């Protein structure tokens with residue numbers, strides 16, 4: 001009995017061990033370093049995306065009667081296009097990790113490790129994202145700043161609020177991917193769900209078009225979903241579309257969504273463990 005209690009105590013201590021978290025992040029980061037060509041292709045694709053969308057916005061704005069549309073000047077919309085792409089790339093994760101572990105049977109090892117599965121999954125995501133942020137986001141932003149007319153308010157408090165909002169948004173994206181991955185416990189093939197998730201995330205998070213440009217009937221629907229707190233709001237904080245007071249309210253709303261999605265993750269993981277059937281391995 002004492003042995004069991006000691007094991008349980010050790011597990012609880014390791015579940016959120018910062019040193020262990022950093023180690024998992026480091027291992028995940030090093031794995032990404034081996035895919036250098038993929039990184040180069042990612043830089044090219046990211047810059048092409050920025051170039052295409054900035055060109056489209058310039059063409060659209062040349063057709064407008066006014067220089068401001070939905071509250072955005074041409075400079076503001078180009079800045080938004082570049083920065084939202086930068087945040088999206090920085091949030092790059094492998095959303096099929098859980099699926100692969102269920103398919104090859106290695107998920108069984110996760111059940112006996114003295115660490116939280118979500119904790120480990122988040123660490124893998126952070127390592128993955130840090131690499132893409134350093135290897136792809138930075139070059140794309142630097143090139144974009146040199147080529148396009150971009151304006152970012154250089155206010156220390158605004159930048160700090162942006163970073164806090166980005167961290168909260170990142171946790172939300174990680175939780176969203178975790179929930180999608182847990183569907184592997186109930187479905188042999190989850191690719192359609194991942195595709196559906198990606199489409200919803202990209203569109204409703206403002207990853208393609210700012211939510212300000214959405215039709216009026218869509219805006220109330222978007223307001224009920226967590227997606228806008230992943231990309232749109234962090235980006236609007238940095239470019240000055242959100243006031244400092246609004247930025248604080250946004251972060252509070254993000255924290256509320258983290259709690260809600262955290263409960264969903266916990267319930268699905270608990271139910272998934274009970275239903276777990278190893279597919280091979």
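Return a whole-number percent for the relative contact order of the chain, with Cα pairs under 8 Å and 6 or more residues apart as the contact set.
In percent, rounded to a whole number, it is 27.
Roughly how many Å is it from the Cα centre of the stretch 203-281 to that of the stretch 130-182, as a whole number?
With the stretch 203-281 and the stretch 130-182 each reduced to a Cα centre, they are spaced 15 Å.
May I have the extent of the alpha carbons of the stretch 191-281 along their three principal axes, as whole Å values ordered from largest to smallest?
51, 26, 24
Of the peptides 140-147, 210-217, 222-229, 78-85, how do they stack up when ordered by the mean number of other Cβ atoms within 10 Å, highest first?
78-85, 222-229, 140-147, 210-217
Evaluate E = 1/(1 + (r/R0)^6) for residue 222 and residue 51, where r is the Cβ-Cβ distance and R0 equals 25 Å; express this FRET efficiency to the nearest 0.05.
Calculated transfer efficiency: 0.40.
Does anyone have the angle between helix 138-147 and the longest principal axis of the chain? Alpha-carbon axes, 0 to 90°, nearest 10?
0 degrees
Divide by every residue of the chain the summed helix terms, -39500 (n - 2.57) for each DSSP H run of at least 4, and state the resulting mean residue ellipticity at 222 nm, rounded to the nearest 500 deg cm²/dmol.
Computed mean residue ellipticity for the chain: -23000 deg cm²/dmol.
Pairing the Cα long axis of helix 191-204 with the longest principal axis of the chain, what angle in degrees results, from 0 to 90 and rounded to the nearest 10?
Its long axis makes an angle of about 40 degrees.
Given N residues in the chain, what is its alpha carbon radius of gyration divided by 2.2 N^0.38 Å?
1.10
What is the diffusion coefficient of the stretch 110-257 in µm²/s, taking the Kirkwood radius over Cα pairs and the Stokes-Einstein relation at 25 °C with a viscosity of 0.890 mPa s?
Rounded, D is 143 µm²/s.
Using only the Cα atoms of the stretch 125-164, what do you get for the radius of gyration and for Dmax, in Å?
12.6, 32
Please determine, in degrees from 0 to 90 and to the nearest 10, the orientation of helix 244-275 with respect to the longest principal axis defined by the Cα atoms of the chain, where the helix direction is its Cα long axis.
Once rounded, one gets 30 degrees.
Since every read-out is calculated from the coordinates, none of them should be taken as a lab result. This structure is a prediction, so every number in the text was calculated from the model and none was measured. Heads up, the Cβs are rebuilt from the backbone with ideal geometry, glycines too, and the neighbour counts pull from every protein chain shown.
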